[in-house]
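Written below as structure tokens is the structure these notes are about.
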Amino acid sequence: MSIPVPADLPRAFRPVAKLAAMPIQPTARERESVEQPAAGPTWTFIARPSGQLETVTCLPGCIVRHDSDRETPTRREDIWCMTPDVEDLWLPVSTGGQKPEETRLLSCSIRRDPFETDMAKRVPHAVLEIMEDSFIEPLDPDGLASVILQLEGQLKQIREVHAQLTALREQGRVQL
């Protein structure tokens, strides 16, 4: 049942029609086909300073060598697991007018810090390294999706600049 809106109702109070074509970020399940990972290995260590035996289950595919954690007493907050980074992207970056240096950009991995006081880091989360030693973390799936959308939007704008640059170069080309 629709309630009629008075004609003299100020614009600020008029209901806004819903957008029919509102862009929606597809879920990771819709975009990527990833099989469910098996559980990672479970191991124990002696917690320092308590001396208690603690149990940890690694992330599936964890690349952190936990040998020293198992062999010697270790502080709980020093235990963390991480998956491999995505393939490195290296680009020549110039800072302050200096000669460009090859710099690693946009690296991403999954990390879990099982004893972290920050609860968001206790569960698997994404760590996005923008460039060396500059991170966005912890990112949950929605946070990472938001960053991806923003990067896709930026990439669209960069593609438009590329098209403009190509057109300008074509315009200035001299026929010999």
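Please treat every number below as a calculation from the coordinates, not as lab data. None of the values given here were measured: they were computed from a predicted structure. In this analysis, Cβ positions are derived from the backbone assuming ideal geometry, glycine residues included, and neighbour counts consider all displayed protein chains.
Observations, loosely collected:
- Size-normalised alpha-carbon gyration radius of the stretch 85-167, reference 2.2 N^0.38 Å: 1.37
- Label sites at VAL64 and ALA163, each approximated as a point 7 angstrom past Cα along Cα to Cβ, lie 4.5 nm apart.
- With a Förster radius of 45 Å applied to the C-beta separation of GLN98 and MET119, the computed FRET efficiency comes to 0.60.
- Approximate spin-label separation ALA39-ASP8, in nm, with each point projected 7 Å along Cα-to-Cβ: 7.0 nm
- FRET efficiency for the pair ILE148 and LEU53, taken as 1/(1 + (r/R0)^6) with r the Cβ-Cβ distance and R0 = 41 Å, rounds to 0.50.
- Each residue of the stretch 141-150 is assigned a 3J(HN,Hα), and the resulting list reads x, 5, x, 5, 4, 5, 4, 4, 4, 5 Hz, derived from the Karplus form 6.51 cos²θ - 1.76 cosθ + 1.60 (θ = phi - 60°), x at Gly and Pro.
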